[in-house]
Amino acid sequence: MMKYDFIIIGGGMSGLVCAFILSKEGKKVIVLEKNSQLGGGLQIFSRDKTLFETGVHYVGGLDEGQTLNQLFKYLNLMDKIQIKQMDKDCFDKIHFGNEDKYYSIGQGYKKFISNLVEDFPHQKKEITEYCKTIKQVCKEFPLYNLKDQTNYPISNEEVESVDEVIDSIITDNRLRNVLGSQNILYGGKKGITPFYIHALIINSYIESAWRFVNGSSQVARFLARSIKSFGGEVLKKSEVINAKIIDKTIASVKLEDGTILEGNNIISSLHPIQTIKIMGEENFKGLYKKRINNIQNSVSSFGLHISFKKNTFPYLNHNVYHFEDENIWGLDDYTEKNWPKGLFLCFHPLKNNSDYADGCSVLTYMNYEDVKKWDTTSSTHFKLKERGESYNVFKRECENKIISSLEKLYPNIKDSISSIHSSSPLTLRDYNAAPFGTMYGFQKDKRHPLQSYIHTKTNINNLYLTGQSVNLHGVLGVTISALLTCFNFIDSKKLMSEIRAAK
């Protein structure tokens, strides 16, 4: 029987950051990951000799002096990771219907504004006001700016939604659609998603936008190495199946192989629904369970992963957001006939200077209901319960629909394809332990801002939570979430001071 100061369940970004901080502080830490690969959304996979990302398709704020850059310095990552800056003139292109026109989103507020003013000269004042509003909102979140803060600055009063704020500033309808078009980055819902979610995420990308060369899984690998160098342990293929709880305190956790581990504190980076399931529903207050189960989860996605024939399709150092019509909202409200209503297209560089792409990933919203009939199956390398031929037929139909949509952008794309592979909400559910395949955890709701924020402490004395459902999603969001969790054990001012001083 091994005893630890901290047992961390889940080797995603937030779990690894918690482990890094705590092991650096001299605590005896172990990370338990059920998959054969660490990272959660940082996981990558390879098909037909082509590398694909599962979750982190690009990242913001990695330039000198920016928030994620400084956090990565503290985490001993900045001098190790291989990254490629996306086109400064245009890191995201927005496209509608069958038009030839693309709208270019530039890096740095100066370029961001000048690009949009070129297309919308009559909206110059409004575009400047929009940028000012984003910066102002970001200032209201101290931790986002690496300033001292111990809790999340959200009140329970209703706030304005993304579309409401954009519509109140911008009068041109097409410009409104361009500015709201990146809502797939946070599963945005019209009239529901608070504007501050949009501001915190978009600001980071406007500051600077990057891709990981050879995959974002390198972040997880380097974090694991650091944790081990501090004396911590990181175990893969180690699924926690239940816990022994005495007097509202976890005495030990049990792994699938029968191993039992004792820990003074347990941190779960899994989705709260999954955490409750593992720990035993009977150990949580009825109101807490009801609240967790009643919060809407963000949407899921279907991913098409294309391998290209050698030197046939150009590497694009920007992403493309394509919408079938003017409506950038409600892409998750579709019929079998009009799906997909929009696509997100991105590339994963294998080196810094390639002219041609090895492959690309195309993502679009998909509701879990569409795959519910295969709910009892699983298809991972560690747990296989065949989904059957009907699932393969379903996936092929979806793949063909996405290819047809892509042909509007690239009429000859089929000539370049060597093979296609796909993932569904079930893939996200199984590999990320994400209920209903949710991409971003709980859906944030402007009508009840506090409802979807879960406290890091639970009613089990030594059980703490971290991850995207505690705070924000994305690489920056879950890193900040890990800080909030660690503030329960480490003086927040001391930790923030060390982060700001990191070189």
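Listed by position, the strands (runs of 3 or more DSSP E) contained in the stretch 216-319 that have at least 1 residues being touching a His at 6+ places or on another chain (Cβ under 6 Å) are 300-308.
Only one entry of 62, 77, 68 meets the criterion of being crowded, with 21+ Cβ neighbours inside 10 Å, assigned to a loop (DSSP other than H, G, I, E, B) and not β-branched (Val, Ile, Thr), and that entry is 62. Considering only residues in the stretch 355-372 that are in contact (Cβ under 8 Å) with a residue 12 or more places away in the chain and surrounded by fewer than 16 Cβ atoms within 10 Å (Cβ to Cβ), the one that is farthest from residue 307 (Cα to Cα) turns out to be 355. Within the stretch 446-485, the residues that satisfy the criterion of being polar (S, T, N, Q) and in contact with a Cys (Cβ under 7 Å, 6 or more places away or on another chain) are 466, 485.
Of all residue pairs spaced 6 or more apart or on separate chains, those with beta-carbon atoms under 7 Å, a first member in the stretch 209-235 that is farther than 18 Å from residue 14 by Cβ and a second member that is small (Gly, Ala, Ser) are 209/60; 231/23. Filtered by the rule that a residue be under 21 Å from residue 299 (Cβ atoms), part of a loop (DSSP other than H, G, I, E, B) and not aliphatic (A, V, I, L, M), the stretch 161-203 gives 186, 187, 188, 189, 190, 191, 193.
Taken over the stretch 272-300, the criterion of being polar (S, T, N, Q), surrounded by 22 or more Cβ atoms within 10 Å (Cβ to Cβ) and within 30 Å of residue 51 (Cα to Cα) is satisfied by 298, 300.
When each of 42, 32 is tested for being farther than 15 Å from residue 222 by Cβ, among the aliphatic types (A, V, I, L, M), touching a strand residue (DSSP E or B) at 6+ places or on another chain (Cβ under 8 Å) and buried (at least 20 other Cβ atoms within 10 Å of the Cβ), the lone residue that passes is 32. Report whether or not residue 55 is of a type in the set (Gly, Ala, Ser) and over 20 Å from the mean Cα position of the chain (by Cα). Answer is no for this residue.
Please verify whether the stretch 403-425 includes one or more residues that are under 15 Å from residue 41 (Cα atoms), among the small types (Gly, Ala, Ser) and surrounded by 15 or more Cβ atoms within 10 Å (Cβ to Cβ).
Checking the stretch 403-425: at least one residue is under 15 Å from residue 41 (Cα atoms), among the small types (Gly, Ala, Ser) and surrounded by 15 or more Cβ atoms within 10 Å (Cβ to Cβ).
Taken together, the residues in the stretch 275-306 that are more than 22 Å from residue 183 (Cβ to Cβ) and touching a residue at least 60 places away in the same chain (Cβ under 8 Å) amount to 11.
Scanning the stretch 85-138 for residues that are buried (at least 17 other Cβ atoms within 10 Å of the Cβ) and polar (S, T, N, Q), we see that the one that is nearest to residue 181 (Cα to Cα) is 104.
Conditions tested, residue by residue: (1) touching a Lys or Arg at 6+ places or on another chain (Cβ under 8 Å); (2) buried (at least 23 other Cβ atoms within 10 Å of the Cβ).
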{"site": "451", "(1), (2)": "yes, no"}
{"site": "461", "(1), (2)": "yes, no"}
{"site": "464", "(1), (2)": "yes, yes"}
{"site": "480", "(1), (2)": "no, yes"}
{"site": "491", "(1), (2)": "no, no"}
{"site": "494", "(1), (2)": "no, no"}
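Being touching a strand residue (DSSP E or B) at 6+ places or on another chain (Cβ under 7 Å) and in a loop (DSSP other than H, G, I, E, B) is the requirement here; does residue 148 meet it? The answer is no for residue 148.
Answer with yes or no whether residue 223 is surrounded by 20 or more Cβ atoms within 10 Å (Cβ to Cβ) and either more than 30 Å from residue 366 (Cβ to Cβ) or of a type outside the set (Ser, Thr, Tyr) (or both). Judged against the criteria, residue 223 is a match. Going by what's in this entry, would residue 111 be described as closer than 20 Å to residue 317 by Cα, outside any helix (DSSP H, G or I) and of a type in the set (Lys, Arg)? It is false that residue 111 is closer than 20 Å to residue 317 by Cα, outside any helix (DSSP H, G or I) and of a type in the set (Lys, Arg).
The sole residue among 263, 280, 258, 232 that is in contact with a Phe, Trp or Tyr (Cβ under 6 Å, 6 or more places away or on another chain) and farther than 30 Å from residue 106 by Cα is 263.
The residue that is surrounded by the fewest Cβ atoms within 10 Å (Cβ to Cβ), among those in the stretch 302-354 that are small (Gly, Ala, Ser) and farther than 20 Å from residue 423 by Cα, is 330.
Since every read-out is calculated from the coordinates, none of them should be taken as a lab result. Nothing here was measured: the structure is a model prediction, and the numbers come from that model. Because the Cβ atoms are built from the backbone with ideal geometry, glycine has one as well, and the counts that use them run over all protein chains shown.
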